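Report on the following structure.
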Amino acid sequence: MQIDINNLSFAYGHKLVLNNLSLTVRPGDFLVVEGKNGTGKTTMIKCLLGINAVPNGMIFLDHEDINAFRDWTKIGCVSQSVDDFNYEFPITVNEILTMSKLRKIKQNRKLKLLDQMGILEILNENINALSGGQRQRVFIVKSMLNHPKILILDEPTANIDKKNVEYFYQTVNELNSEGTTVILITHDEFLDAYNWSHILQLNTDLSYSYRTRKQFAEEAGRK
Amino acid sequence: MTGLFGSFIIDLFREDFMLRALLSGLMLGVLAPIIGSIVVVRRLSFIADTLGHFSLVGISVSLFLSVTLPRTLAVIFSENPQYLGIVFSVIGGLLIELFRRYYKSYKEISMPIVISLGTALSAIFLSISGKTGALYNYMFGSILTVSWYYVILIAITLGIVGLLFALFGRQIIAVSFDENNAKFMGVNRGLFQLIFIVMLSIVVSVLLESAGVLLISSMMIIPVAAAMKVGWSYRSTTGIAIVFSELSVFFGLWASYSLHLPSGAAIVAINILILVMVALIRKWVMKHNLKKHPSEPQEVE
């Protein structure tokens, strides 16, 4: 999936968070978004997901303006906090995953993804009984179930411990090598684990830099 | 046991009104928790109360029309006030959804607004029609006085709700648990919220006659509240809620019959009793388990 961002600006009230951001994510790209707190990383993701409303002409998903875009099942996303989900009512992992089974999903894809994430054994457990990291992994699996053309991940490993995060790197890299476009917000300490192709750095003064991995490495070498 | 229940069971089949009460009660016992589970998940526990009040507007408008319209037309409204009850309940449901979208971060504001409007309009129409005496029945309901016509109405409602759940249950549940991410699963959030709210409004107005404005929400919410504490999945929780609900209908009717208590109140009292018992048993079991396995390993993330 291709994403075109044209002069995207976004403000909460009078506070400008994104200023004239422009870039193109091509099919198969792996874009890493980096920046300190408050530089608008999550805001940008929310714009791309249609959660923050933007005027026509700023964001195009597969050449279609985001405000006219309807094919949201092409997108898989995991937000920073999966707190949107209602946890207090009993529901099993399997029920959560079949909830998204609105299109036919092969049973073995579900099991394979759960296995890759190291949570196969909790398939029939109540989500209330799981740790934050396990929950996070359930939602990562959910985002990948529909064979999305693009995965948008906002600090997905925030709650996951070191032992299990390896599986996550592998799975994301594997999906990207199979052609899935990836946009990922992460901290620089984890950068090397991913096969990313482009990097977007957002700065506190609202400026930004967008480079390929090669350009990024050359610059780092010069320093 | 036979002494306690014998005459109750015999009368169930001998007295037509008892059979009607039991049949409608058992159907409500399935209907209320199915809808109630979704209501609880969506954190709309007060919605049944709100819709009940708004449904009452339909009833009072019916009573008002039955005294103001010419006789031939008036009969329609005096004999079947439920029709307008259903219409107004749906209007109330749509108003709540409208206000929920308007006050995005304070969605519960929608309910006091609609509840007040409903109460005010009901009071106005009841007062001009001079039929304030009818109020008691609609406030507390009476399952013992329902007609065969009402039994059929519940059966049809149960059929429609069952069909809608068979067709769209997964979408409705997806939207209820995770409103913001439903679209990534291919679920049209607005559409399924609308389908649910219309379904809920109809169920509430149907419950009005047997449970009354003040007790509708208890039939929907309390069995689910108890089941939540013992269920391990969505399906099992709803199933357990239906069992609790049926038990309370059966024993509530028995208590109402043997002790001459108002039926709605008896059913709700049993519901609460079940809730308390579940809480106590659960507490005891947890304490017991803790003694048995004092240091169960916990995964640390």
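Values in this text are rule-based calculations from the coordinates and carry no lab data. Bear in mind the structure is a predicted one, so any value in this text is a computation, not a measurement. Note that each Cβ is placed from the backbone with ideal geometry, even for glycine, and that neighbours are counted across all protein chains shown.
Per 0.36 nm of contour for each residue apart, how much would the distance between A:A129 and A:K163 grow if the chain were fully extended, relative to their Cα-Cα spacing? Could the numbers behind the result be given before it?
On the way: separation 34, 0.36 × 34 = 12.24 nm, distance 2.02 nm.
Full extension from A:A129 to A:K163 adds 10.2 nm.
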- Message: Given N residues in the protein assembly as shown, what is its alpha carbon radius of gyration divided by 2.2 N^0.38 Å?
- Response: 1.17
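Please grab the % of Cα pairs in segment B:134-198 that end up more than 17 Å from each other. Write down the numbers at each step before the final one.
On the way: 1179 of 2080 pairs.
Result: 57 percent of Cα pairs exceed 17 Å.
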- Approximate spin-label separation A:T24-A:L206, in nm, with each point projected 7 Å along Cα-to-Cβ: 2.6
- Post the alpha-carbon centroid distance, segment B:214-256 to segment A:18-54, in whole angstrom. 47
- Item | Simple label model, 7 Å out from Cα along Cβ direction - B:E179 to A:H63, nm | 3.7
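I'd like the FRET efficiency for A:K36 and B:I124, computed as 1/(1 + (r/R0)^6) with the beta carbon distance as r and R0 of 45 Å, rounded to 0.05. Each step should come with its number before you reach the end.
Details: r = 59 Å, r/R0 = 1.31.
That gives a FRET efficiency of 0.15.
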- 1/(1 + (r/R0)^6) with r = Cβ-Cβ of B:W284 and B:S116, R0 = 45 Å, i.e. FRET efficiency to nearest 0.05, evaluates to 0.60
- Short version: ³J(HN,Hα) in whole Hz for each residue of segment B:125-131, in order, from phi by Karplus 6.51 cos²θ - 1.76 cosθ + 1.60 (θ = phi - 60°), x for Gly and Pro, what are they? 5, 5, 5, 5, 7, x, 10
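Show that you can apply the helix-only estimate: for the protein assembly as shown, add -39,500 (n - 2.57) for every DSSP H stretch of four or more residues, divide by all residues, and state [θ] at 222 nm to the nearest 500. Present the calculation step by step, with values, prior to reporting the outcome.
Numbers: 18 runs with 305 residues, N = 524.
Rounded to the nearest 500, it is -19500 deg cm²/dmol.
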- Message: Along the Cα→Cβ direction, 7 angstrom out, place labels at A:A217 and B:T132. What is the inter-label distance in nm?
- Response: 8.6
- In Hz, Karplus ³J(HN,Hα) per residue of segment B:55-71 (6.51, -1.76, 1.60; θ = phi - 60°; x = Gly, Pro): 5, 4, 4, x, 5, 5, 5, 4, 5, 4, 5, 5, 9, 9, 7, x, 3
- Task: Express in % the proportion of alpha carbon pairs of segment A:98-223 at distances exceeding 26 Å.
- Result: 29
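In Å³ and rounded to a whole number, note down the convex hull volume per residue for the Cα atoms of segment B:2-288. It would help to have the intermediate numbers written out before the result.
On the way: hull volume 41.9 nm³, N = 287.
For segment B:2-288, the hull spanned by Cα atoms encloses 146 Å³ per residue.
Pairs of alpha-carbon atoms within less than 8 angstrom and 6+ residues apart define the contacts here; what relative contact order does chain A have, in percent? Mind showing how you got there, number by number?
Numbers: 363 pairs, mean separation 64.6, N = 223.
So the answer I get is 29 percent.
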- Assigning unit charges at the beta carbon (Lys, Arg +1; Asp, Glu -1) and nothing else, what dipole magnitude in debye, to the nearest 20, does chain A show about its Cα centre? 380
- Message: Given R₀ = 22 Å, what would the calculated FRET efficiency be for A:H147 paired with A:I51, taking r from the Cβ atoms and rounding to 0.05?
- Response: 0.50
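Return the inverse of the average 1/r over all pairs of distinct C-alpha atoms in segment B:218-265, which is the Kirkwood hydrodynamic radius, in Å to one decimal.
One decimal place: 11.2 Å for the Kirkwood radius.
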